[in-house]
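Peer 1: Take a look at this one; I'll ask things after.
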Amino acid sequence: MGKYKAVLFDLDGTLLDTLDDLTDSVNRILEKYGFPKQEREEVRRYLGNGSERLMRAVLPKNINEAAFAKYLEEYKVYYEGHKEEKTGPYPGIPELLWELHRRGLKIGVVSNKFDLAVKGLCEKYFSLCIDGAVGEMESAGIRRKPAPDMVFAAAEWLGVAIEDCLYVGDSEVDIATARNASLPCISVTWGFREKEILEASGAEIFADDTAQLYKLISEGTNAHSFN
């Protein structure tokens, strides 16, 4: 199908709208310890760099590392138990993934969300059409995005050469990840960042809905590869 053998997708803001469950989980910890709660749009701006960066953004800067580690772990535990309450795929995403899968493309998910949650969400929503999913694994020496490590690892697990992959995401982190991996990149506009932010970050090819995304993938888009 087209010139690609695999498509690597970001998860939050690209395949799944997770914002409400993330906001609720953040605010659960903040409220428990007497810190100011965050508005939904504030949390949106902090997403894309993983759970640790998210919690550092919403918690006071003067807390010590032991306290931070406690709050972060409690956030992960709470989110893991409540990650499916308001979350769901964006319109057309299940159909898109199934059609790509049916046509023989390998499909991977690469996310800075902690690995347990990534695998759980993909299993729930996309188990029949995703070939592999990986979350944050820095403890294993695989750096989080925008480093290219996770993308390289995903391609290897899928059994596909990196030059045969296409990357799809919704944020400036995804654009930088594609650039660092020398991958073609399509930026979707329905996620957590406005198009103006994506353009300022170097995005050149956009999909405004899943029909347009499917067309770009199937026709072998000339998405800029940052080579």
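Peer 1: How about region 92-112: which of its residues are open to solvent by 20 Å² or more (accessible area, probe 1.4 Å) and under 24 Å from residue 173 (Cα atoms)?
Peer 2: Of all residues in region 92-112, those open to solvent by 20 Å² or more (accessible area, probe 1.4 Å) come to 92, 94-95, 98-99, 101-104, 106.
Listed by number, the residues that qualify are 92, 94, 106.
Peer 1: Which of the residues spanning region 1-47 are in a loop (DSSP other than H, G, I, E, B), open to solvent by less than 60 Å² (accessible area, probe 1.4 Å) and of a type in the set (D, E, K, R)?
Peer 2: Passing the criteria: only 10.
Peer 1: Residues 165, 129: which one is surrounded by fewer than 20 Cβ atoms within 10 Å (Cβ to Cβ) and in contact with a Leu (Cβ under 6 Å, 6 or more places away or on another chain)? Steps first, please.
Peer 2: Details: 165 fails: surrounded by fewer than 20 Cβ atoms within 10 Å (Cβ to Cβ).
Just one listed residue meets the conditions, 129.
Peer 1: Would you check which residues across region 51-102 are assigned to a loop (DSSP other than H, G, I, E, B), closer than 16 Å to residue 135 by Cβ and of a type in the set (Val, Ile, Thr) and list them?
Peer 2: To start, the set of residues in region 51-102 that are assigned to a loop (DSSP other than H, G, I, E, B) comprises 59-64, 83-87, 90-92.
Imposing the further condition that a residue be closer than 16 Å to residue 135 by Cβ reduces the set to 83-84, 87.
Within region 51-102, just 87 meets the criteria.
Peer 1: Go over the candidates 86, 113 one by one and state the one that is in contact with a strand residue (DSSP E or B) (Cβ under 9 Å, 6 or more places away or on another chain), over 25 Å from residue 150 (Cβ atoms) and not hydrophobic (A, V, I, L, M, F, W, C).
Peer 2: Details: 113 fails: over 25 Å from residue 150 (Cβ atoms).
Just one listed residue meets the conditions, 86.
Peer 1: Now for a different question. Test of understanding: among 89, 146, which residue is open to solvent by 30 Å² or more (accessible area, probe 1.4 Å), touching a residue at least 60 places away in the same chain (Cβ under 8 Å) and under 15 Å from the mean Cα position of the chain (by Cα)? Walk me through how you get there before you give the answer.
Peer 2: On the way: 146 fails: touching a residue at least 60 places away in the same chain (Cβ under 8 Å).
Answer to the check: 89.
Peer 1: If I filter region 168-199 down to residues being open to solvent by 40 Å² or more (accessible area, probe 1.4 Å) and in contact (Cβ under 8 Å) with a residue 24 or more places away in the chain, which single residue comes out as nearest to residue 213 (Cα to Cα)?
Peer 2: Among those that are open to solvent by 40 Å² or more (accessible area, probe 1.4 Å) and in contact (Cβ under 8 Å) with a residue 24 or more places away in the chain, it is 190.
Peer 1: Please count how many residues of region 29-61 are farther than 21 Å from residue 192 by Cα and touching a helix residue (DSSP H, G or I) at 6+ places or on another chain (Cβ under 9 Å). Explain how you work it out, then say what you get.
Peer 2: Step one: filter region 29-61 for residues farther than 21 Å from residue 192 by Cα, giving 29-36, 60-61.
Keeping just the survivors that are touching a helix residue (DSSP H, G or I) at 6+ places or on another chain (Cβ under 9 Å) gives 29-30, 32-33, 35-36.
Matching residues across region 29-61 total 6.
Peer 1: For region 66-83, check the following and say yes or no: at least one residue is closer than 28 Å to residue 208 by Cα and buried (at least 16 other Cβ atoms within 10 Å of the Cβ).
Peer 2: Keep residues of region 66-83 that are closer than 28 Å to residue 208 by Cα, which gives 83.
Still in the list and also buried (at least 16 other Cβ atoms within 10 Å of the Cβ): 83.
Looking through region 66-83, at least one residue is closer than 28 Å to residue 208 by Cα and buried (at least 16 other Cβ atoms within 10 Å of the Cβ).
Peer 1: Looking only at residues in region 99-116 that are modelled with pLDDT of 95 or more and among the hydrophobic types (A, V, I, L, M, F, W, C), which one is nearest to residue 158 (Cα to Cα)?
Peer 2: Once the filter is applied, the top-ranked residue is 107.
The values are calculated or read from the model by the stated rules, or taken from the named source; none is laboratory data. From a predicted model like this one, the values you see are computed outputs, not experimental measurements. Positions of Cβ are generated from backbone atoms using ideal geometry, with glycine treated the same way; all protein chains shown enter the neighbour counts. Side chains included, ligands, DNA and RNA excluded: accessible areas come from the protein's heavy atoms. Shrake-Rupley method; radii C 1.70, N 1.55, O 1.52, S 1.80 Å.
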